[in-house]
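These notes are about the structure you will find just below.
Values in this text are rule-based calculations from the coordinates and carry no lab data. Nothing here was measured: the structure is a model prediction, and the numbers come from that model. Cβ placement follows ideal geometry from the backbone for every residue including glycine, while neighbour counts extend to all protein chains displayed.
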Amino acid sequence: MKQSLRTKLTISYLAIAVLCVVLISIFSNLYLEKQFRSYVKANQERKNLEIVALITHQYEMQQTFDIIAIQNIGSSALDNGLILKIEDEKGNLVWDALQSNHSMCQGMLENIHNNMMSRYPNWKGEYIRSEYPIMVSFKKVGSVYIGYYGPFYFTESDLDFINSLNVVFIGVGVLALVLAIVLGTLIARGISKPIKNVINTAEGISKGNFDNKIRSSSSISEIDSLTGTINNMADILKLQEQLRKRLTADVAHELRTPLTTLQSHLEAMIDGIWEADATRLRSCHDEIIRISRLVGDLESLARVEGQNLILTKMHFDVVQLINSIAMNFEKEMLDKNIYIEISKEPTQVFADKDKLTQVIVNLLSNAVKYSKDNSRVDINVEVIDGAAVIRVKDTGIGIEKQHLDNIFERFYRVDSSRSRMTGGSGIGLTITKLIVEAHGGTIEVQSKIEEGTEFIVRLPQL
């Protein structure tokens, strides 16, 4: 049977409280009772010595045993559970409480026995008699035999004290349980409520309600981190949903335009309106190339994003690779009168040459495409902290700050228009980032409007 987090937490707090109270009660009771037994035994010995001192003092005063005084001492001792017997130095009996008041002594012993049995059912006590010499002027003038129920016994007052102590323990235990229930419920509610909010928000996100975020914060760092993660996930999913819808619209538009052109051209040629000459066929071929290029971009993204991205690494000079790639852009650079400056210092890297070629092509293509006429593109390569740092900087139109965080998202285009002539498919930089990260590297972008954009790629050399 499943239970709510609040119920489990409350039960846990209650169980811990019960366990703590029981353990504290048991150990405290055992410890206090042990100490109390030691106290009773010490007190018993103290009483015995006091009685011996009284009898010795009486003998010193009269130089003989005063029977009346001894009877008074014996009666007082009897009230404290002690049975006296006094003999002189020759062993002659002076006074014995058992003989003087046998019934009272027996009743007292039975009462003590019953009290101890009520407290300790397995109690094994017995009558014990201890001998103490009566010394006057360093001479033994007699002996005092003190009998009691041993090895120790509790009086009525002692038992009342122990029972009162147990009542206190029970009261503290009940109070602790009540507090555990109250505080446990409050604490459990404080923990479960924000988690419940997270669950409700996650359910809303699963239904497409990405704006239903968690507004409250928690004093518990883990829960606060969880709510922040859920909110961030909602933002990311919302952006992905927007990109997905944009992709659908972009792909539909990109496919519709060349397909419509192909359809109209072919229908015109079939109907005999146009002659199927080289110019018309070349125009149809160009539209097919546009479709193939879009499909190729989508295939490249699927291949890079999937689990089949296998890197064939080798050692090569990345500067030499950049020079050879730049030669392929000579026509575009001549058309816009763009000057390109590339580092001269050779730099070795250990990477997949074909994949890195795709990265350089994408970055250089963007730099040339968005650079102004009569401008320049700088490609600088250097080694910093064991990493090859490739900087591709143009002096083009730049990218607005609000777009920089999303520039590497798939299908994201800074230009919201659907023309691939200006905005591209929004796949190239995504592929670039995935390839760089597959090499264990990083890529970042810095840009200022009307000043240009710089892409920085860091690749481990080994």
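Okay, here's what the table says:
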item	result
Relative contact order computed over the chain (Cα-Cα under 8 Å; 6+ residues apart), in percent	10
The stretch 76-136: GluC sites (Glu not before Pro) in DSSP coil with no more than 13 other Cβ atoms inside 10 Å	E89
Inter-site label distance for I181 and R256 at 7 Å from Cα along Cβ, in nm	6.8
Reciprocal mean inverse distance between Cα atoms of the chain - Kirkwood radius, Å	32.9
When each of K196/K238; K238/K433; K393/K448; K369/K393 is checked by Cα-Cα distance, pairs over 19 Å	K196/K238; K238/K433
R0 of 41 Å, Cβ-Cβ distance I16-L165: FRET efficiency to nearest 0.05	0.95
Degrees, to the nearest 10: 102-119 long Cα axis against longest axis of the chain	10
Stretchable slack from L239 to H403, in nm (0.36 nm times residue separation minus alpha-carbon distance)	57.8 nm
Order by protection proxy (mean Cβ within 10 Å, highest first), peptides 396-404, 190-198	190-198, 396-404
Cα convex hull volume per residue for the stretch 209-308 (Å³)	126
Cα-centre dipole for the chain with unit charges at Cβ (Lys and Arg positive, Asp and Glu negative), debye to 20	660
Packing rank of 70-77, 112-119, where each peptide gets the mean count of other beta carbons within 10 Å, highest leading	70-77, 112-119
When the stretch 309-460 is reduced to its Cα atoms, the Kirkwood hydrodynamic radius in Å	15.7
Distance from the stretch 442-459 to the stretch 65-132 (C-alpha centre basis), Å	104
